[in-house]
Amino acid sequence: MPAPFTSLVSVHELAAQATPAWRIFDCRFNLADPPAGRQAYAAGHLPGAFFLDLNEDLSGPLSGLNGRHPLPDPQLLADKLGSLGVGPETQVVAYDDAGGMFASRLWWLLRWLGHTRVAVLNGGIQAWTGSGRPLATERPEAIATRFTPKLQKCMRADADYVHSHLGSPDMLLIDARAPDRFRGENETLDPVGGHIPGAINRFFRDNLDANGCFKQAACLQEEFGKLIKGGDAHAVVHQCGSGVTACHNLLAMEVAGLSGAKLYAGSWSEWCSDPARPITTGP
């Protein structure tokens, strides 16, 4: 059996090695137009791909205090994946049309459930069609199987963890939002602008090259190495606005060989919902 893909898979590798037992998931989504991803899937998707919706499948219910995209119930997500044919040995590939922004969320969620045979299609659907490969409109049928989650609790941090480690050398907080939102400017998604005190900014799009593919591993290793100043990746906690683009930085660190960082899934949208939590603005 060939080695599994656990971070990225190229269009060529997917086309050459995919079997009917693989599961491909279309994760396209538009934060400003939530139905757009499902509509795009219906219009044309990678052959054999199933659709997963960020709001309905890859997030849990909103309470008003748990962020805009709280983590889904792990058993419900496992049941959904099992119903679509994902078992313990299934190679999963996730893709989108946003440089891996949403596909990385599924990548992280599966690893959180204990499933490491998951990769993001490098370059997304644009790389697939750009190489002359076809799309399909028919929806595939799945043979359901049992997916038993083995939750990796060490992969996430909650608000209490972040709050208790503010200012501690044991935590380096990295915020994946655009620099202006990190500074507290042009905030259109959350009611309060700014960032968590002590966080540093690494815009997730800086992980991509001019073609919308992830930069080479050596480049990412150098860039993240400078951010963490040669420190332990296990001390890194990634966050963003709602726990989605932070997964892109987690994937980039994995590509760079820097494993072990955590996700603060509630991120800024959860943090700023409690006025007792400290915030800061500026660079």
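Brief remarks follow.
- Evaluating Thr245 against the criteria (1) open to solvent by 10 Å² or more (accessible area, probe 1.4 Å); (2) more than 12 Å from Arg105 (Cβ to Cβ) leaves one unmet condition, (2).
- If you go through the range 33-80 and keep only what is assigned to a helix (DSSP H, G or I), more than 20 Å from Gly243 (Cα to Cα) and in contact with a helix residue (DSSP H, G or I) (Cβ under 9 Å, 6 or more places away or on another chain), you end up with just Ala40.
- Single residue of Arg111, Arg139 found to be open to solvent by 10 Å² or more (accessible area, probe 1.4 Å) and within 14 Å of Cys247 (Cβ to Cβ): Arg111
- Taken over the range 56-108, the residue count meeting the criterion of being polar (S, T, N, Q), surrounded by fewer than 24 Cβ atoms within 10 Å (Cβ to Cβ) and either under 16 Å from the mean Cα position of the chain (by Cα) or at positive phi (or both) is 1.
- For the range 239-283, filtering for residues that are among the aliphatic types (A, V, I, L, M) and part of a loop (DSSP other than H, G, I, E, B) leaves 7.
- Qualifying residue in the range 175-196 (condition: in a loop (DSSP other than H, G, I, E, B), in contact with a helix residue (DSSP H, G or I) (Cβ under 6 Å, 6 or more places away or on another chain), at pLDDT below 95 and open to solvent by 50 Å² or more (accessible area, probe 1.4 Å)): yes
The values are calculated or read from the model by the stated rules, or taken from the named source; none is laboratory data. Keep in mind that this is a model prediction, so the values were computed, not measured. Positions of Cβ are generated from backbone atoms using ideal geometry, with glycine treated the same way; all protein chains shown enter the neighbour counts. Just the protein is used for accessible areas: all its heavy atoms, side chains included, with ligands, DNA and RNA removed. Shrake-Rupley method; radii C 1.70, N 1.55, O 1.52, S 1.80 Å.
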